[in-house]
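Read through the structure below, which is laid out as structure tokens, and then see the notes.
The values are calculated or read from the model by the stated rules, or taken from the named source; none is laboratory data. This is a predicted model, so every value here is computed, not measured. Here the Cβ positions follow ideal geometry from the backbone for every residue, glycine too, while neighbour counts run over all protein chains shown. Surface areas here come from the heavy atoms of the whole protein model, side chains and all, with no ligands, DNA or RNA. Shrake-Rupley method; radii C 1.70, N 1.55, O 1.52, S 1.80 Å.
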Amino acid sequence: MPESDKLYPKIVAYDEGFLKVSDIHTLYYEQSGNPQGKPVIYLHGGPGGGVSDHDRRYFDPQVYRIILLDQRGAGKSTPTASLEDNTTWALVADIERLREHLGIDKWVVFGGSWGSTLSLTYAQEHPDRVKALILRGIFMLRQSELRWFYEQGGASHIFPDAWDEYIKPIPENERDNFIAAYHKRLTGDNEEEKIRCAKAWSTWECSTSKLYVDPVEIAKASEDIWALAFARIECHYFFNKGFFKTDAHILENVDKIRHIPATIVQGRYDVVCPATSAWDLHKVWPEAKFEFMADAGHSAKELATTARLVQAADEYKTL
């Protein structure tokens with residue numbers, strides 16, 4: 001797939017570190033761009049996806065102090081794929097601990113997909129620490145969203161070929177609840193089955209994340225370590241309903257953040273996080289800038305979406 005010419009040039013991190021946040025978990029973080037610049041934190045998707053060098057490129061490195069964080073169990077954070085003490089609220093606390101560790105007062109928060117869930121939840125818990133929000137592919141971890149993508153009758157109708165591969169590891173008598181069936185296997189003792197299920201789960205998401213299917217994206221799911229972290233952590237969160245007390249937790253707490261400048265970018269043909277979620281958020285938060293990308297699916301790397309995300313980050317450079 002072609003790369004957007006709107007991205008900033010490739011840069012290297014000037015600082016890499018590890019932050020111990022519990023007896024179990026140590027998190028990888030990095031900083032790039034301008035050390036005296038305006039702080040922005042990039043929150044990756046999944047959960048379990050981890051960060052990459054590409055994630056630095058949405059931000060002007062002359063202006064921004066760009067902070068990337070691998071969440072618990074993801075990327076270079078240790079222990080890899082660990083589910084113990086791994087919840088939404090632990091991740092929110094980790095972000096706040098990193099802010100304090102880096103001596104930052106307030107920052108711009110950028111997140112897509114699960115990163116939008118975590119960005120919104122963090123902002124609702126710490127609104128006085130957020131200068132602006134840049135959100136893409138809105139996901140609020142509601143049961144309707146999970147049923148759409150992971151159970152029969154939603155995205156399966158649009159990607160039936162990929163769906164058939166997704167359901168292969170699960171016996172027919174357990175296909176009434178794929179999240180539960182995958183959870184049993186991804187947390188089980190059969191290592192061969194665990195890897196097979198991790199790859200099938202990850203391939204399903206990678207196969208559906210762009211308007212035009214991208215073989216490079218799908219190839220990621222063949223990597224044992226990445227697929228295992230991605231699938232195990234995602235399924236763990238979804239099985240536990242995001243550790244939220246109510247299904248509409250984010251929508252119910254929007255009033256806490258309505259004063260924060262925000263941009264919401266949503267692919268019209270996003271199959272992973274369908275547009276209805278972004279629209280529901282828009283209706284209760286009309287102050288936030290909202291835009292549908294007419295020729296995009298779920299991925300931040302699709303050309304129109306990339307351009308709008310870079311534009312949003314540029315717009316907040318003066319904050």
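At a glance:
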| read-out | value |
| --- | --- |
| Boolean, Leu303 is closer than 24 Å to Gly49 by Cα and in contact with a Pro (Cβ under 9 Å, 6 or more places away or on another chain) | yes |
| Cβ pairs under 6 Å, 6+ apart, first in the stretch 3-26 and among the aliphatic types (A, V, I, L, M), second outside any loop (DSSP other than H, G, I, E, B) and surrounded by fewer than 16 Cβ atoms within 10 Å (Cβ to Cβ) | Leu19/His101; Val21/Arg97 |
| Residue check for Gly75: touching a residue at least 40 places away in the same chain (Cβ under 8 Å), open to solvent by less than 20 Å² (accessible area, probe 1.4 Å) and under 24 Å from Ala198 (Cβ atoms) | no |
| Residue within the stretch 146-165 that is in contact with a Gly (Cβ under 7 Å, 6 or more places away or on another chain), within 30 Å of Lys245 (Cα to Cα), open to solvent by 70 Å² or more (accessible area, probe 1.4 Å) and outside any loop (DSSP other than H, G, I, E, B) present | yes |
| Among the candidates Lys256, Lys245, Lys241, residue that is on the phi > 0 side of the Ramachandran plot, open to solvent by 60 Å² or more (accessible area, probe 1.4 Å) and among the basic types (Lys, Arg) | Lys241 |
| Candidates Glu291, Glu287, Glu252, Glu223 - the one that is more than 30 Å from Leu319 (Cβ to Cβ) and charged (D, E, K, R) | Glu223 |
| Sole exception among (1) open to solvent by 10 Å² or more (accessible area, probe 1.4 Å); (2) more than 18 Å from Pro261 (Cβ to Cβ); (3) of a type outside the set (Val, Ile, Thr) for Trp114, by number | (1) |
| Lone unmet requirement of (1) touching a residue at least 60 places away in the same chain (Cβ under 8 Å); (2) open to solvent by 60 Å² or more (accessible area, probe 1.4 Å); (3) farther than 28 Å from Glu84 by Cβ for His101 | (3) |
| Selected residue (criterion: least open to solvent (accessible area, probe 1.4 Å)) from residues of the stretch 170-182 that are in contact (Cβ under 8 Å) with a residue 12 or more places away in the chain and over 25 Å from the mean Cα position of the chain (by Cα) | Ile170 |
| Scan of the stretch 25-40 for residues that are within 21 Å of Pro79 (Cα to Cα) and surrounded by 18 or more Cβ atoms within 10 Å (Cβ to Cβ), ordered by number | His25, Leu27, Tyr28, Tyr29, Glu30 |
| Test: Ala81 is among the hydrophobic types (A, V, I, L, M, F, W, C), assigned to a helix (DSSP H, G or I), farther than 18 Å from Leu309 by Cβ and out of contact with any Phe, Trp or Tyr (no Cβ under 7 Å at 6 or more places or on another chain) | no |
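Let's see how each residue does on (1) assigned to a strand (DSSP E or B); (2) open to solvent by 20 Å² or more (accessible area, probe 1.4 Å); (3) touching a Ser or Thr at 6+ places or on another chain (Cβ under 9 Å):
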position: Pro9; (1), (2), (3): no, yes, no
position: Phe18; (1), (2), (3): yes, yes, yes
position: Asp23; (1), (2), (3): no, yes, no
position: Tyr42; (1), (2), (3): yes, yes, no
position: Gly46; (1), (2), (3): no, no, yes
position: Val51; (1), (2), (3): no, yes, no
